[in-house]
1. With in a loop (DSSP other than H, G, I, E, B), touching a helix residue (DSSP H, G or I) at 6+ places or on another chain (Cβ under 9 Å) and not assigned by TED's automatic domain parsing to the domain that holds residue A:255 as the only criterion, which of A:306, A:370 stands out?
2. Pull up region A:191-228, narrow it to residues that are in a loop (DSSP other than H, G, I, E, B) and in contact (Cβ under 8 Å) with a residue 60 or more places away in the chain, then point me to the one that is farthest from the other protein chains (Cβ to nearest Cβ).
3. So residue B:253 clears everything in (1) within 22 Å of the chain's Cα centre (by Cα); (2) touching a residue at least 60 places away in the same chain (Cβ under 8 Å); (3) outside the structural domain of residue B:59 (by TED's automatic domain parsing) except one condition, right? Which one?
4. Quick one: which of B:297, B:275 is in the same structural domain as residue B:205 (by TED's automatic domain parsing), in a helix (DSSP H, G or I), in contact with a strand residue (DSSP E or B) (Cβ under 7 Å, 6 or more places away or on another chain) and surrounded by 20 or more Cβ atoms within 10 Å (Cβ to Cβ)?
5. Would you mind finding the one in B:104, B:90, B:42 that is touching a helix residue (DSSP H, G or I) at 6+ places or on another chain (Cβ under 8 Å) and at pLDDT below 95?
6. Does at least one position in region A:56-63 carry a residue that is surrounded by fewer than 20 Cβ atoms within 10 Å (Cβ to Cβ) and part of a strand (DSSP E or B)?
7. I'd like the residue in region B:84-108 that is out of contact with any strand residue (DSSP E or B) (no Cβ under 8 Å at 6 or more places or on another chain) and more than 19 Å from residue B:72 (Cα to Cα) and, out of all such residues, is surrounded by the most Cβ atoms within 10 Å (Cβ to Cβ).
């Protein structure tokens, strides 16, 4: 019997409406007891959490682990180590690998490699279309059988409304969420950043907010017409927030996520041609940031995602339009979002925890995101206070593409426990043996 | 004295630096007009031009300027160099830098390309055009020409007409003219007007007539005729009908208003030959002034390197 005791922390577990000082005992990988003053037994692994927060392990519904095919950017070992350092116990990885994750064999490969070398739970997201080519459906049912939790053509949006219609209909029959990266490709073609004042000043081709909104609108109309669910990925615009809010009000089965960079940064971060600020969808304007924050505050936004998108330095250290898009988000998403959303009074702590654990776990149907007795023993322990400076050089990810180098962070992950095993702990010892 | 080792764009230059360059160019123009064009300002110095796009005026005027001032000069194009072997811009530039290059004059199709490499080389980097972003020495020669002919820049009404969206010349002129108190009006096909320029001080005009009304300077911008294929305008004929600086439209400008064009010009599209060759046209003079301005830029950057 393997026991892990997380002792003395403030447990915030929105799924059970719990917020108070409790010990959490994980036995053989599952939550066994949440109670005051659980006595430690000899041999228990103990995580001291007094003065700290204890929450259900964070779940990232949208990341890129680059494995198979792009291991020079990231692989399942380094990616999950970075995720654990950022407080994540489960991550769902997008299918734009090489080969594309559009069949059961690649799903199996990712899961088996994750079991061997991963330190957090890895859930593959399969492709909507074979080869991400946008022409014919991938084997959604067979991928689900192999362990895929959703489908998405992330990064290569499904251009054909008819194919998206069929994907939504077919995937709904298997209970597979369809995650849509909304970007009307002819409106965004050639663009390197948000279209607006900053792109006009820099002489860079712009991607209008309308490119995102046009496809968000299409997905909402299809989901409404078909009576099936749809999940909108990384919402970045005021227009999409407004449309999703209105669709929810009339009963459309829509959920959505946003990423920290869409409420922490604007397109002004691109000034000076800083490719660390190049991401897709692009960083938008202050009005969009305000709308995204309002959407988080009023529940229009259901969850946060990192869109962790590692790229090799050589793919970022280029002329702006030629550089790859993407931000390495695992190691900053939780801490920076905590500071802005909880520290900044946008949402209460319990809702914040829900946005980063229970809500994405529900979307993906993975039975996590709570500290209910019997649930997997995934726990994140963090503390707040004493700001520290985030340093790119200290990142665990194989890639270091972040626009947040030098940012101050008040929240700090102390320990990440996956199925009762401590997958990460901060330098200061948070663990002992009773 | 210039404040930066590099000349990246008019956005980066302060008004007094612009005036310093224009004043120095006036001296250089006298050198050009004298019997002996040779000076010793750049003796023992090296200037390399690295062009990833075609150029006649800009490249030749930098090379002439270097030679007039006694620099050792060389040029590289993307064709016939390691660029064709897939060498990255940074590696190419570092190679040039390590050959004891003092000034690297660079043209590149990507906005921001020189900004990325300037901090990483010892040479002074001069932007000779980066994508749609800036073409600072063109703006300097445009300002020089306006000041030379009209005696001032402050308060001038400058109409810039054509493909503003893709034009680094329009951007550099807008930033430079605004800094020195001139007013810029922009006009062209609505598909070629960048979204977001409204808040930058330029007046966006609905028609070419509106832009030209009472203008002191009328500048045409080159239209790449291939752009018609991407749907930016329906046909050359329609462009010429509505967006050309015709003699009729030019009559709306102030009497004697200057006609300018950065070249190369599509005659009959941006403006008819009649206007191009009219007494109001200073297009040929712009070319001469371009050499003087580039001499001034090389001289001032070298002075800063010596300091």
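The values are calculated or read from the model by the stated rules, or taken from the named source; none is laboratory data. Since we're looking at a predicted model, the values are computed, not measured. Counting neighbours? That spans all protein chains shown, and the Cβs are built from the backbone with ideal geometry, glycine included.
1. Numbers: A:306 fails: not assigned by TED's automatic domain parsing to the domain that holds residue A:255.
The unique qualifying residue is A:370.
2. A:228
3. (1)
4. On the way: B:297 fails: in the same structural domain as residue B:205 (by TED's automatic domain parsing).
Just one listed residue meets the conditions, B:275.
5. Exactly one residue qualifies, and that residue is B:90.
6. No: region A:56-63 contains no residue that is surrounded by fewer than 20 Cβ atoms within 10 Å (Cβ to Cβ) and part of a strand (DSSP E or B).
7. B:90
Results for (1) closer than 19 Å to residue A:329 by Cα; (2) surrounded by 17 or more Cβ atoms within 10 Å (Cβ to Cβ), shown as yes or no for each residue.
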| residue | (1), (2) |
| --- | --- |
| A:364 | no, yes |
| A:369 | no, yes |
| A:376 | no, yes |
| A:389 | yes, no |
| A:397 | yes, yes |
| A:400 | yes, yes |
| A:405 | yes, no |
| A:416 | yes, yes |
